[in-house]
Amino acid sequence: MKQFYLLVLPLLVVSSSLMATDLQPSSPRFSAEQILNGEFPGREPSPARQVTHKIEGFDYSRLYSVPSPGIHPRVLFGPEDLPRIRKQFLNNQYAAEMLEQLRARTERNLSGPDGWGSELFAAMASSDLDKVNEVWKDPRNPRKEGPPGSGGDPFAAALMDKAFLNLIDEDSESGAEVAGATATLARFLQPLVEKAARSPGSENYWLSVRRVMGDSATIGFLYDFAQPYMTSEQADVTRKLIATAVSGRYGLGMDLPAHWVNWNFIGMGLYFPLLALSIEGEPGYDPRIYERGCDVAKNYILWGNSANGVGTEAIGYHTAGMSHTAILMLAMANRGENLFTLERWRRMFDTWGIYTMQPYGAEWQSSGDLGTFPPNPSLVSVACFFFPEDKRIAFVEQNLEKPRLAGRMDNRLLQLLCPPNPNGDFGTIKASSLGLADTLFDEERGILFTRTGWDEEDTYLQVVCRDDTTFASHDHPDRGAFYFTSHGQAWAVSSMRMTEPQYLNQITINGRGQGAFAPPGEWVEVIDSEEATFAVMDTKYCYDWQWQKTAFLTSDKQLEDEPWLEWIREPRDRLLSRFPLDLWERDPLPVVQEYYEGYLAGNPRMWGAEDSWVVRAPHNPVKKAFRTVGLVRGEHPYLLIFDDIQKDDAEQFYQWFMRIPNQVEPYEMGVDEVILGPITDRRDNSHRVHLPHNISGRPLPEKGEPMLLIRVLQANQPDIPSRQNTLSVETLNFVKHDDTFQYSGREMGLGKRLVIPSRSVEPEYKVLMYPYYHGDPLPETELSKDGSVLTIQWEDQVDEFRLAEDEEGLTRFEMTRLDPTR
């Protein structure tokens, strides 16, 4: 077989200099002044990242204006843009629907719950601060406990929505009411912000003032939209609140090395520079906050996306983070710095968003938390808005569900200001018309996509062995996982948020799989030819070690000094009761060392203020753990999987798992094979007296129905037959048992999995998956007694695999397509 390319990673060399017992960084934090000035003494600059723009097709006429300082609105659009925006609401069906949903939402939120919202609004509009405090303490208030902005203030968001509608409707009477309410809200929040500004870590906005102002720039946009109707006193009061909130503070990601700025929280935190921008050019404005925010947004795109647009997290989480970033990007583009044209941003849609889509459309699969979510609709909306002639972006938008108004403020504004044309000028777009290659290997992320073609019923394979991970994230312990679809039916699927190996397309040994959090795997090679595409991966390190958040090993002294980490105390104690502190060390992998070493000056932390150099502890050591997964093309495409895994020289219990959709069920099952097909009402109700429950209700396929043959070519079994386990398809509750970190006991509902057991020293798994339509001929397979030759054949296709184990225990092979007439 011809090799397309060979990727060999460095050996996993351990540096003894990194075996530090002190796992916490000791460097003092940089001050807010240093961070806002971009001064990081003692820290190496991040590696250079090529910045490539692709401006073709960007519609500059769709940008908005920026008025002179003091004139509002200004953050996302100016007063002169309002006629055009009103016209968009009239002429664009998507925008019109979003506007109507906004009206209904605003009316509902300002009256509920049980009239509480209308009472609070009346008190605020009349500037009755005593009444505001009284109503705020009412049991009907959903936020009476905790800071007003914890997680976002829904009342402030409703005011912001009303202020926006007043601009669209040119309603000066309502505008004056909202302006008065805004100023009263500012007076209500001012002492709370001043108190938060005196709390530990207050220079970090994320750790302090955010808890009052909320997880958004809502107050900033409320001021921006309501200011045209404000008196000078009302404007001064509101501006003072914003200036107090942002002054002398830095936002999430501003203190980090550029290459650390690569996960969804970064995008979520970019409302901070937008909040500052709402008083642009006015008293209290610090332009450095916006400028540093622009740097963070740019770094997030450059380091969060691969050259193919593949994100560091699953498509649900990653594009959510990018949607929060996009609202700052709109403000930036209006001011002359356009990140929408960065190739790494555009390729989230025209590459990643398409390769992760199922062949039949409208569903997506990727690895990690929210891996079954679609690309964020608000983000896709922006891409379509600014690239109206891009057929690939339009194809992604075409496959999204009918839009609903977003719950989050930033996504909502994107939908209102950047609506796509829901029908486009393309008609119905077919994936086969987009000119994409059948195979794509993303070397930066360690993900392979391959298929037989781009029609809806073609065969599609995605293989994931993340080799780029450097910290504990929303990643899953699934190195070597595969997702498989054919004949318009998904067969092997990804998870939404199931983080335990038993729920993933993985192998466990005596119930234990890869470590979680998962270290990176290693790609041995990718083989690509006209006949087949194979991924060969080494996942040994992922079994040998588990990762953990550095914060979970923090000292009591650090918890005293950093009270925002107090929530970690309980899980830390639980973790250390099971895995003592002396087991943990900084991970010495070269990819990890390169990520952290030289960049720890100023004590930067991931996830707000939690994690530094990721730590490891022994987990589930194995002699070897290779996985080979390949799609073989031809008249009869199929999937072939070889697993070379061995714990040690003793007999162990191995279980080979594959998640299958709930919409399929077994039609036939034997000792070494199962046939899956769609759930059907057609049943064989015949029975035998001595086996009535076993025979009744067997599903009956119809000719032409999509089916999948799964044939176990090899799975070694124990010498004593009575200890042998049985191939099975199971229904189970996906529940999180691990209580080390968050969400213990969380249930994700019922699901199904295929289980191939092997009680052996080494299972030597070899599995064939053949998708077909019922009535088509099934293959004949033969594995020679010595295991050196595998033949898979039909009348019109014969494939021979010559197998041999190399010195590391990996099954190497040569494939030959034989003449079937011989």
*Considering every residue within segment 536-547, establish whether at least one is under 24 Å from Leu370 (Cα atoms), open to solvent by less than 10 Å² (accessible area, probe 1.4 Å), touching a residue at least 24 places away in the same chain (Cβ under 8 Å) and touching a helix residue (DSSP H, G or I) at 6+ places or on another chain (Cβ under 8 Å).*
no
_Any residue in segment 107-124 that is at pLDDT 90 or above and buried (at least 19 other Cβ atoms within 10 Å of the Cβ) sitting within a Cβ distance under 7 Å of a residue that is part of a helix (DSSP H, G or I) and among the hydroxyl-bearing types (Ser, Thr, Tyr)? List the pairs, counting only those 6 or more apart or interchain._
Met124/Thr184
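Looking at Asp478, Asp438, Asp467, which one is over 26 Å from Val382 (Cβ atoms), at pLDDT 95 or above and either open to solvent by 30 Å² or more (accessible area, probe 1.4 Å) or polar (S, T, N, Q) (or both)?
Numbers: Asp478 fails: either open to solvent by 30 Å² or more (accessible area, probe 1.4 Å) or polar (S, T, N, Q) (or both); Asp467 fails: either open to solvent by 30 Å² or more (accessible area, probe 1.4 Å) or polar (S, T, N, Q) (or both).
Residue meeting the stated conditions: Asp438.
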*Out of segment 339-349, which residues are surrounded by 24 or more Cβ atoms within 10 Å (Cβ to Cβ), touching a Lys or Arg at 6+ places or on another chain (Cβ under 7 Å) and either within 16 Å of Pro374 (Cβ to Cβ) or not charged (D, E, K, R) (or both)?*
Phe349
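Every residue, every condition in (1) in contact with a Leu (Cβ under 7 Å, 6 or more places away or on another chain); (2) hydrophobic (A, V, I, L, M, F, W, C); (3) assigned to a strand (DSSP E or B), yes or no:
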site: Gln514; (1), (2), (3): no, no, no
site: Trp523; (1), (2), (3): yes, yes, yes
site: Phe534; (1), (2), (3): no, yes, yes
site: Trp547; (1), (2), (3): no, yes, yes
site: Lys557; (1), (2), (3): no, no, no
site: Leu565; (1), (2), (3): yes, yes, no
site: Glu570; (1), (2), (3): no, no, no
site: Asp573; (1), (2), (3): no, no, no
*What are the residue pairs meeting all of these: first residue in segment 603-624, first residue within 17 Å of Ile35 (Cα to Cα) and in contact (Cβ under 8 Å) with a residue 40 or more places away in the chain, second residue of a type in the set (Lys, Arg) and assigned to a loop (DSSP other than H, G, I, E, B), Cβ atoms under 6 Å, and 6 or more apart or on different chains?*
Asn603/Arg29
_Every residue from segment 722-738 that is more than 10 Å from Leu750 (Cβ to Cβ) and either open to solvent by 60 Å² or more (accessible area, probe 1.4 Å) or modelled with pLDDT of 95 or more (or both)_ = Ser722, Arg723, Gln724, Thr726, Leu727, Ser728, Val729, Glu730, His737, Asp738
*If you scan segment 236-269, which residues turn out to be outside any loop (DSSP other than H, G, I, E, B), farther than 25 Å from Glu313 by Cβ and touching a residue at least 12 places away in the same chain (Cβ under 8 Å)?*
Val237, Thr238, Arg239, Lys240, Leu241, Ile242, Ala243, Thr244, Ala245, Val246
*Unique match (being open to solvent by 70 Å² or more (accessible area, probe 1.4 Å), at pLDDT 95 or above and under 30 Å from Glu280 (Cα atoms)) among Pro73, Pro83*: Pro83
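Quick one: in segment 446-458, which of the residues that are surrounded by fewer than 23 Cβ atoms within 10 Å (Cβ to Cβ) and in contact with a Lys or Arg (Cβ under 7 Å, 6 or more places away or on another chain) is farthest from Glu525 (Cα to Cα)? Even if it seems obvious, please write down each step before you answer.
Narrowing segment 446-458 to residues surrounded by fewer than 23 Cβ atoms within 10 Å (Cβ to Cβ): 452-458.
Narrowing further to those that are in contact with a Lys or Arg (Cβ under 7 Å, 6 or more places away or on another chain): 452, 458.
Values: Thr452: 20, Asp458: 25 Å.
So the residue we want is Asp458.
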*Just wondering, is there one or more residues in segment 708-721 that are among the β-branched types (Val, Ile, Thr), open to solvent by 40 Å² or more (accessible area, probe 1.4 Å) and farther than 25 Å from Glu651 by Cβ?*
no
_Pair list, Cβ under 9 Å, 6 or more apart: segment 654-672 residue in contact (Cβ under 8 Å) with a residue 60 or more places away in the chain, other residue among the acidic types (Asp, Glu) and open to solvent by 30 Å² or more (accessible area, probe 1.4 Å)_ = Tyr654/Glu762
*asked:* Just checking, does segment 791-804 include any residue being more than 26 Å from Leu727 (Cα to Cα), in a loop (DSSP other than H, G, I, E, B) and open to solvent by 30 Å² or more (accessible area, probe 1.4 Å)?
replied: yes
_Among (1) open to solvent by 50 Å² or more (accessible area, probe 1.4 Å); (2) part of a loop (DSSP other than H, G, I, E, B), there is one condition Thr816 misses while meeting the rest; what is its number?_
(2)
*Report yes if Ile289 is among the β-branched types (Val, Ile, Thr), open to solvent by less than 10 Å² (accessible area, probe 1.4 Å), under 17 Å from Phe221 (Cα atoms) and touching a residue at least 12 places away in the same chain (Cβ under 8 Å), otherwise no.*
yes
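Only residues that are of a type in the set (A, V, I, L, M, F, W, C) and more than 19 Å from Val536 (Cα to Cα): list them for segment 478-516, please.
First, the residues of segment 478-516 that are of a type in the set (A, V, I, L, M, F, W, C): 481-482, 484, 490-493, 496, 498, 504, 507, 509, 516.
Ala490, Trp491, Val493, Met496, Met498, Ile509, Ala516, listed by residue number.
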*If the Cβ limit is 9 Å and pairs must be 6+ apart or interchain, which residue in segment 753-777 that is open to solvent by 50 Å² or more (accessible area, probe 1.4 Å) pairs with which residue that is polar (S, T, N, Q) and part of a loop (DSSP other than H, G, I, E, B)?*
Arg759/Asn716; Arg759/Gln717; Arg759/Gln724; Arg759/Asn725; Val761/Asn716; Glu764/Asn716
*Options Thr325, Thr372: the member that is in contact (Cβ under 8 Å) with a residue 12 or more places away in the chain, β-branched (Val, Ile, Thr), open to solvent by 10 Å² or more (accessible area, probe 1.4 Å) and touching a Gly at 6+ places or on another chain (Cβ under 9 Å)*: Thr372
_Tally of residues being open to solvent by 10 Å² or more (accessible area, probe 1.4 Å) and either without any contact (Cβ under 8 Å) to a residue 40 or more places away in the chain or hydroxyl-bearing (Ser, Thr, Tyr) (or both) across segment 484-502_ = 1
*Output for segment 566-581, where each listed residue is among the hydrophobic types (A, V, I, L, M, F, W, C) and out of contact with any helix residue (DSSP H, G or I) (no Cβ under 6 Å at 6 or more places or on another chain)*: Trp567, Leu576, Phe579, Leu581
_One residue is enough: does segment 603-623 have a residue meeting the conditions open to solvent by less than 30 Å² (accessible area, probe 1.4 Å), closer than 14 Å to Ser46 by Cα and out of contact with any His (no Cβ under 9 Å at 6 or more places or on another chain)?_
yes
_among the acidic types (Asp, Glu) and within 22 Å of the chain's Cα centre (by Cα): which single residue out of Glu291, Glu280, Glu337, Glu313 fits that description?_
Glu313
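Is it the case that Ser381 is part of a loop (DSSP other than H, G, I, E, B), out of contact with any Gly (no Cβ under 7 Å at 6 or more places or on another chain) and surrounded by 22 or more Cβ atoms within 10 Å (Cβ to Cβ)?
Details: part of a loop (DSSP other than H, G, I, E, B): no; out of contact with any Gly (no Cβ under 7 Å at 6 or more places or on another chain): yes; surrounded by 22 or more Cβ atoms within 10 Å (Cβ to Cβ): yes.
It is false that Ser381 is part of a loop (DSSP other than H, G, I, E, B), out of contact with any Gly (no Cβ under 7 Å at 6 or more places or on another chain) and surrounded by 22 or more Cβ atoms within 10 Å (Cβ to Cβ).
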*From the list Pro763, Pro777, pick out the single residue that is modelled with pLDDT of 95 or more, closer than 30 Å to Phe579 by Cα and in a loop (DSSP other than H, G, I, E, B).*
Pro763
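Determine whether Gly446 is at positive phi and modelled with pLDDT of 95 or more.
Values: at positive phi: yes; modelled with pLDDT of 95 or more: yes.
Against the criterion (at positive phi and modelled with pLDDT of 95 or more), Gly446 qualifies.
The values are calculated or read from the model by the stated rules, or taken from the named source; none is laboratory data. What you see is a predicted model, and the numbers here were worked out from it, not measured in a lab. Every residue, glycine among them, receives a Cβ derived from its backbone with ideal geometry; neighbour counts consider all protein chains shown. Areas reflect the complete protein model, heavy atoms only, side chains present, ligands, DNA and RNA absent. Shrake-Rupley method; radii C 1.70, N 1.55, O 1.52, S 1.80 Å.
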